[in-house]
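Asker: Got a structure for you, questions after.
The values are calculated or read from the model by the stated rules, or taken from the named source; none is laboratory data. Since the structure is predicted, the reported quantities are computational estimates derived from the model, not experimental observations. Please note: Cβ atoms are built from the backbone with ideal geometry, for glycine as well, and neighbour counts cover all protein chains shown.
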Amino acid sequence: MNILIKSATIIDPKSEFHNLTQDILIENGVISKIAKALKNPDNYQEIKLENLHLSQGWFDSSVSFGEPGFEERDTIKNGLKTAASSGFTTVAMNANSNPVIDSNADITFVNAKANNHAVTLLPIGALTTGSKGTDLAEIYDMNTAGAVAFYDYKKPITNPNLMKIALQYASNFDGLVCSFPQENKIAGSGVMNENITSTSLGLKGIPALAEELHVARDLFLLEYTGGKLHIPTISTGTSVNLIREAKKKKLDVTCSVAIHNLYFTDSVLIDFNTHFKVLPPLRTEEDKLALIEGVKDGTIDMVTSDHNPIHIEHKKIEFDHAKYGTIGLESAFGALQSIFTLKKTIDLLTKGKPRFKVETTSINIGNTPNITLFKPDAKYTFSKNDIVSKSKNAIFENEALKGKAYGIIANNKVAINN
Amino acid sequence: MSELSVNHLLGIKYLNKDDIKLIFETADHFKEVINRPIKKVPSLRDITIANLFFENSTRTKLSFELAEKRLSADVINFSSAQSSVKKGETLIDTVNNILSMKVDMVVMRHPNPGAGVFLSKHVGASIVNAGDGAHEHPTQALLDSYSIREKFGEVKGKKVVIVGDILHSRVALSNIFALQLQGAEVMVCGPKTLIPKYINKLGVKVETNLRKALDWCDVANMLRVQNERMDISYFPSTREYTQQFGVNTELLNSLDKEITIMHPGPINRGVEITSDVADSGQSIILDQVQNGVAVRMAVIYLLASKIKQ
């Protein structure tokens, strides 16, 4: 791979060219020169784009692509295309397929499917067999095959003893256990946040308490067992506080928040629009502000699009019956930049890597490029035209966003949007 | 104002004050009609209405059907306790199939909140919500307010307590919206387990002591406990519920004023209300039923006149 990138502003605090606008020469798959006004040595592919910015490649710790089993939602191939087009060089894919990814063979299947792509796909294995929550899956064996974490996607481990055992067992090989924070008996048959909007819509509410009880339980368990815990997609202010306190106690816990929980509140559901039906549910303004604060002070370690394509037949139905989930890769950067500064946005899109054992490569001479190319000042109303996913269930549809990815350079490949 | 601000009746929350006034004035006329020897007008001879009941109903369905027939509309009925989803057909497909037979208006009861709102966005007919899960039951709230207006002359300034299972009740929610829109004060009363935690944010008073609630109110609207909607016991026994939240003659006589008792039906005699109270002069339960036909005639007539435009 030989490429000359012209006039790109480098946003990478680990690079000696941070905040500078430079030309970057990539020769034989390695960054060979970074300087002003580099000449094209030998008719190399040249990338010259309006207000081009570069950063280390972005990472998303929670995406779902449907395959195997739910190909009507999306496929791994198109999912990776979506990721590349949205600026992500690495994505961790959930095990919520059919069958559930819960064995070495399943992990190997996923790896084979994703092989030879610009985007690196990291499989997450199920924590329990079939994500049924009764018996531990062969997590050591999956770890050997390349699983980066173990998670029953959106399914809480209701048995606290099983969670205790999972944390203890995974610590043998430094495995990362993920626990969806919801106490199902409190959540009941709720379909949105419990508050004034759920009350006035007559929809059953999921109290914030359902999440907070579960977070508190898991933190108590972690304190007892040791090991590594990741709590994906928290949504309430009290959860942020609980995790902040746990970190003060030096517990090895990380957490993420879905970008839409930083952007929307439950008041948008007033029209019964199923695009806003997500889990955890959109919460209150106070929760949203507490989450943003948690992101700013580092209590929340990473943000995720929680990308989850859902076929229209499961969205264009009565609210109670509609499936949870939204796609989010395409809108992630634009939405984040509507909340945070560019610098913070880039930080959020890259800082989750170490927890999921993703190598970080700075933009410096001699390094292999793992780069996202983007235009931070692109302003647009997010529409169906911006969607690459096969399913079109976008929570950000019709929102005014700021910033768009041009594409990525990673795994010795270039993927730039037309 | 001579027409509604809406093309569907999906809930009271989508109406304004003038809509309610117009519906009531129109209902006054129809109430006179249904007390004539010939209880029928030819207004809607060119309108076909489908009553789609995806949930069991007796009185609401009869009341709608009667209202439609007294307006001379053509009426078709479809009842299925099973939701269309369970049968494999989507709600939109079910309704579009019926609409393709040239139906102008759909009256729908459905177990899911928002089903009417959803349908109104995807099919080309005027929708009347006859109850959608625990969301709204707008015609019930309208007939309740109409009955209060009939009894007291106006709704404004009246104090109304809704007693019982507020959590699972579309009647409660629609009544809260309707009464507030007309300037009444609203209180809800029941065991805390059956009152939504955030209902006070809707601007209603919350009281867990029935005696205090009745002392406060002019009208008590007694709701049935909706056991069929409960996945867990919200109180230990019916006996204990009645001890705390049932009205009886002794309790009413101990108040220092005569309050009006309402009930949307069906009544569980001896649970939320004793027989002697239900049948007493303080009760306007049967007036509510009669007013239901007039109010529904008004709603259908007004929506149909918007279709005809």
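Asker: Are any of the residues in region B:240-262 part of a helix (DSSP H, G or I), of a type in the set (D, E, K, R) and in contact (Cβ under 8 Å) with a residue 12 or more places away in the chain? Lay out the reasoning, then the answer.
Answerer: Going residue by residue through region B:240-262, those that are part of a helix (DSSP H, G or I) are B:240-245, B:249-253.
Filter again for of a type in the set (D, E, K, R), leaving B:240, B:250.
Subsequent filtering for residues that are in contact (Cβ under 8 Å) with a residue 12 or more places away in the chain retains none.
No, region B:240-262 contains no residue that is part of a helix (DSSP H, G or I), of a type in the set (D, E, K, R) and in contact (Cβ under 8 Å) with a residue 12 or more places away in the chain.
Asker: How many residues are in a loop (DSSP other than H, G, I, E, B), at pLDDT 95 or above and among the polar types (S, T, N, Q) if we restrict to region A:116-166?
Answerer: Residues of region A:116-166 in a loop (DSSP other than H, G, I, E, B): A:116-119, A:126-127, A:132-135, A:137-138, A:146-148, A:151-159.
Going one step further and asking which of them are at pLDDT 95 or above, we end up with A:117-119, A:126-127, A:132-135, A:137-138, A:146-148, A:151-159.
If we keep only those that are among the polar types (S, T, N, Q) too, we end up with A:134, A:158-159.
Summing the residues that are in a loop (DSSP other than H, G, I, E, B), at pLDDT 95 or above and among the polar types (S, T, N, Q) in region A:116-166 gives 3.
Asker: Here's a follow-up. Search region B:84-94 for residues being of a type in the set (A, V, I, L, M) and at pLDDT below 90, and hand back the single one that is nearest to B:Glu68 (Cα to Cα).
Answerer: Per the stated criteria, the residue is B:Leu91.
Asker: List the helices (runs of 4 or more DSSP H) inside region A:179-257, counting only whole elements, that have at least 2 residues being away from every other protein chain (no Cβ under 14 Å) and touching an Asp or Glu at 6+ places or on another chain (Cβ under 7 Å).
Answerer: Those helices (runs of 4 or more DSSP H) span A:208-225, A:237-248.
Asker: Go through (1) farther than 19 Å from B:Ser283 by Cβ; (2) out of contact with any strand residue (DSSP E or B) (no Cβ under 6 Å at 6 or more places or on another chain); (3) crowded, with 16+ Cβ neighbours inside 10 Å; (4) more than 14 Å from every other protein chain (Cβ to nearest Cβ) and name the single condition B:Gln226 misses.
Answerer: If we test B:Gln226 against (1) farther than 19 Å from B:Ser283 by Cβ; (2) out of contact with any strand residue (DSSP E or B) (no Cβ under 6 Å at 6 or more places or on another chain); (3) crowded, with 16+ Cβ neighbours inside 10 Å; (4) more than 14 Å from every other protein chain (Cβ to nearest Cβ), just (4) comes out false.
Asker: Let me ask something else about it. Taking the conditions exactly as written (at pLDDT 95 or above, touching a Leu at 6+ places or on another chain (Cβ under 7 Å) and away from chain B (no Cβ under 13 Å)), does A:Lys288 satisfy them or not?
Answerer: The answer is yes for A:Lys288.
Asker: In region A:110-118, is there at least one residue being closer than 22 Å to A:Cys255 by Cα, over 21 Å from the mean Cα position of the chain (by Cα) and not acidic (Asp, Glu)? Break it down into steps so the answer makes sense when it comes.
Answerer: At the first step, the residues of region A:110-118 found to be closer than 22 Å to A:Cys255 by Cα are none.
Checked region A:110-118: no residue is closer than 22 Å to A:Cys255 by Cα, over 21 Å from the mean Cα position of the chain (by Cα) and not acidic (Asp, Glu).
Residue-wise test of (1) surrounded by fewer than 24 Cβ atoms within 10 Å (Cβ to Cβ); (2) more than 13 Å from chain A (Cβ to nearest Cβ); (3) modelled with pLDDT of 95 or more; (4) within 15 Å of the chain's Cα centre (by Cα).
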| position | (1), (2), (3), (4) |
| --- | --- |
| B:His122 | yes, no, no, no |
| B:His135 | no, no, yes, yes |
| B:Leu142 | no, yes, yes, yes |
| B:Glu154 | yes, yes, yes, no |
| B:Lys159 | yes, yes, yes, no |
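Quick grid of which residues meet (1) crowded, with 24+ Cβ neighbours inside 10 Å; (2) touching a residue at least 24 places away in the same chain (Cβ under 8 Å); (3) over 20 Å from A:Leu289 (Cβ atoms):
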{"residue": "A:Glu194", "(1), (2), (3)": "yes, no, no"}
{"residue": "A:Thr199", "(1), (2), (3)": "no, no, yes"}
{"residue": "A:Leu213", "(1), (2), (3)": "no, yes, yes"}
{"residue": "A:Tyr224", "(1), (2), (3)": "no, yes, yes"}
{"residue": "A:Leu229", "(1), (2), (3)": "yes, yes, yes"}
{"residue": "A:Arg244", "(1), (2), (3)": "no, yes, no"}
{"residue": "A:Val253", "(1), (2), (3)": "no, yes, yes"}
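Asker: Would you point out the residue of region B:167-209, among those that are of a type in the set (S, T, N, Q) and surrounded by fewer than 23 Cβ atoms within 10 Å (Cβ to Cβ), that is nearest to the other protein chains (Cβ to nearest Cβ)? Break it down stepwise before answering.
Answerer: Kept after step one, since they are of a type in the set (S, T, N, Q), are these residues of region B:167-209: B:169, B:174-175, B:180, B:182, B:193, B:200, B:208-209.
Remaining after also requiring surrounded by fewer than 23 Cβ atoms within 10 Å (Cβ to Cβ): B:180, B:182, B:193, B:200, B:208-209.
Values: B:Gln180: 12, B:Gln182: 18, B:Thr193: 13, B:Asn200: 9, B:Thr208: 17, B:Asn209: 22 Å.
The selected residue is B:Asn200.
Asker: Quick one: which residue in A:Leu349, A:Leu373, A:Leu291 is outside any helix (DSSP H, G or I) and either in contact with a strand residue (DSSP E or B) (Cβ under 7 Å, 6 or more places away or on another chain) or surrounded by fewer than 24 Cβ atoms within 10 Å (Cβ to Cβ) (or both)?
Answerer: Going through A:Leu349, A:Leu373, A:Leu291 in turn, the sole match is A:Leu373.
Asker: What about A:Ser171, is it over 24 Å from A:Val303 (Cβ atoms) and away from every other protein chain (no Cβ under 14 Å)? Quick ask: steps written out before the conclusion?
Answerer: On the way: over 24 Å from A:Val303 (Cβ atoms): yes; away from every other protein chain (no Cβ under 14 Å): yes.
Yes, satisfied.
Asker: Are there any pairs, at least 6 apart or on different chains, whose C-beta atoms fall under 9 Å, with the first in region B:90-117 and at the interface with another protein chain (Cβ under 7 Å from one of its Cβ atoms) and the second of a type in the set (D, E, K, R) and assigned to a helix (DSSP H, G or I), and if so, which?
Answerer: Hits for this filter: B:Thr90/A:Glu313; B:Asn112/A:Asp320; B:Pro113/A:Asp320; B:Pro113/B:Arg170; B:Gly114/A:Asp271; B:Gly114/A:Asp320; B:Ala115/A:Asp320; B:Val117/A:Asp271.
Asker: A follow-up question, please. If A:Ile165 satisfies all but one of (1) in contact with a helix residue (DSSP H, G or I) (Cβ under 6 Å, 6 or more places away or on another chain); (2) more than 10 Å from chain B (Cβ to nearest Cβ); (3) among the β-branched types (Val, Ile, Thr), what's the number of the condition it fails?
Answerer: The single condition A:Ile165 does not satisfy is (1).
Asker: On to the next question. For A:Ser389, all conditions in the list (1) outside the structural domain of A:Glu71 (by TED's automatic domain parsing); (2) assigned to a helix (DSSP H, G or I) hold save one; what is the number of the exception?
Answerer: Checking A:Ser389 against (1) outside the structural domain of A:Glu71 (by TED's automatic domain parsing); (2) assigned to a helix (DSSP H, G or I), the one that fails is (2).
Asker: Quick one: which of A:Ala84, A:Ala37, A:Ala112, A:Ala92 is assigned by TED's automatic domain parsing to the domain that holds A:Gly352, more than 20 Å from A:Ala332 (Cβ to Cβ) and of a type in the set (A, V, I, L, M)?
Answerer: Just a single option satisfies the conditions, and that option is A:Ala112.
Asker: Looking for something closer than 24 Å to A:Ile409 by Cβ, aliphatic (A, V, I, L, M) and touching a residue at least 40 places away in the same chain (Cβ under 8 Å) - is there at least one such residue anywhere in region A:64-78?
Answerer: Looking through region A:64-78, at least one residue is closer than 24 Å to A:Ile409 by Cβ, aliphatic (A, V, I, L, M) and touching a residue at least 40 places away in the same chain (Cβ under 8 Å).
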